[in-house]
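Bear in mind that the values in this text are calculations on the coordinates, not laboratory data. Just so it is clear, the structure is predicted and the values come from calculations on it, not from any experiment. Using ideal geometry, Cβ is built from the backbone for each residue, glycine included, and neighbour counts are taken over all protein chains shown.
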Amino acid sequence: VSRQAAVTARQVLSAMNDAVVANEEQLGRIDAVAGDGDHGMGMVRGMKAALTAAQAAEHGGVGSVLRAAGDAFGDRAGGTSGILWGILLTSVGVSLGDTEAVTPERLAAAVRHGAETVQRIGKAQIGDKTLLDALFPFVTSFEGAVAQGRPVAQAWADAAAEAVRAAAATADLVARMGRARPLAERSLGTPDPGAVSMGIVLTAAAEVLKA
Ligand code: ADP
Ligand code: MG
Ligand code: MG
């Protein structure tokens with residue numbers, strides 16, 4: 001069992017939790033424009049539960065830690081994004097497993113697989129104004145930087161910045177999925193809450209990896 005990766009995963013989840021707590025109000029406000037206003041609350045509930053579960057899985061490797069976190073997130077967050085975040089964490093955990101070392105290449109493949117699993121289950125397309133519109137730009141940027149041999153912390157930080165930019169750019173899109181769809185026109189000019197929280201959370205993870 002690779003201890004260090006499990007420790008890092010818990011630190012990352014802790015930083016992600018701090019970040020959603022700090023941005024809860026903002027995320028709720030964005031979701032209230034064309035949705036039901038609960039995205040901040042849902043992310044906080046999910047991340048808190050994920051962190052608690054990750055800390056309880058104290059003897060597990062990184063795969064067990066992320067699987068436990070994903071299960072707890074999906075159970076506790078409520079809402080569409082909670083289910084999809086649960087799937088994302090669980091899927092990355094399954095890909096990484098508990099025994100093999102986490103190389104940058106394996107991490108890139110795991111997040112790619114996670115994003116594709118979320119898309120397969122959620123059935124949104126790129127451009128539908130969902131969290132995928134931040135997640136896929138992250139994955140593509142991270143994969144590219146890793147393939148070029150960039151240090152993982154720098155590759156992640158640059159990819160997270162890409163996700164933040166892509167999330168902001170969803171303001172120009174009209175929502176085609178999820179609860180925001182009936183009020184789609186109203187969402188024009190406001191970024192997608194799930195894409196914004198994705199950028200926030202990936203940026204928080206970058207801070208841990210840099211340390
Ligand atoms: P709910 O819409 O159930 O209240 P949240 O407010 O927590 O849940 O999350 C809304 C976010 O979920 C949206 O901003 C969008 O990013 C994401 N989302 C909704 N449906 C999908 C989907 N099918 N695929 C990917 N992301 C989705
Ligand atoms: Mg909502
Ligand atoms: Mg809701």
Let me have the 222 nm mean residue ellipticity of the chain computed from DSSP H runs of 4+ only, each contributing -39500 (n - 2.57), with the sum over all residues rounded to the nearest 500.
-> -24500 deg cm²/dmol
Those trypsin sites (Lys or Arg not before Pro) from region 59-151 that are DSSP loop and have at most 12 other Cβ neighbours within 10 Å turn out to be Lys123
Per the Cα gyration tensor, region 94-211 corresponds to an equivalent ellipsoid with semi-axes, largest first in Å, of 28, 16, 10
Percent of Cα-Cα distances greater than 22 Å, calculated over region 39-138 | 28 percent
Taking the chain as the reference, fit the longest principal axis to its C-alpha atoms, fit the long axis of helix 3-22 to the helix C-alpha atoms, and give the angle between the two in degrees, 0 to 90, nearest 10.
-> 20 degrees
Mind grabbing the base-10 log of I(q)/I(0) for the chain at q = 0.09, 0.10, 0.14 Å⁻¹? Debye formula, identical points on the C-alpha positions, no solvent, two decimal places.
-> -0.30, -0.37, -0.75
Using a 10 angstrom cutoff on alpha carbons, build the Gaussian network for the chain and name the most mobile of Ile87, Ile121, Ile200.
-> Ile121
Using only alpha carbon pairs under 8 Å that are at least six residues apart, calculate the relative contact order of the chain and give it in whole percent.
-> 22 percent
For region 123-138, Karplus-derived ³J(HN,Hα) couplings (6.51, -1.76, 1.60; θ = phi - 60°; whole Hz; x for glycine and proline) come out as 6, 8, 9, 4, x, 7, 6, 9, 4, 4, 6, 9, 5, 5, x, 4
Residues of region 156-170 with amide N under 19 Å of the 7 Å Cα→Cβ point at Leu188 = 168-170
For Asp98, the net charge from surrounding residues (Cβ-Cβ under 11 Å; K, R +1; D, E -1) works out to +1
Suppose every K and R has +1 on its Cβ and every D and E has -1 on its Cβ; what is the size of the dipole of the chain about the Cα centre, in Debye to the nearest 20?
-> 180 debye
Would you work out the charge dipole size for region 90-211 about its Cα centre, treating the Cβ of every Lys and Arg as +1 and the Cβ of every Asp and Glu as -1, and quote it to the nearest 20 debye?
-> 340 debye
Partner lysines whose C-alpha sits under 28 Å from that of Lys210, ignoring same-chain residues fewer than 8 away, are Lys48
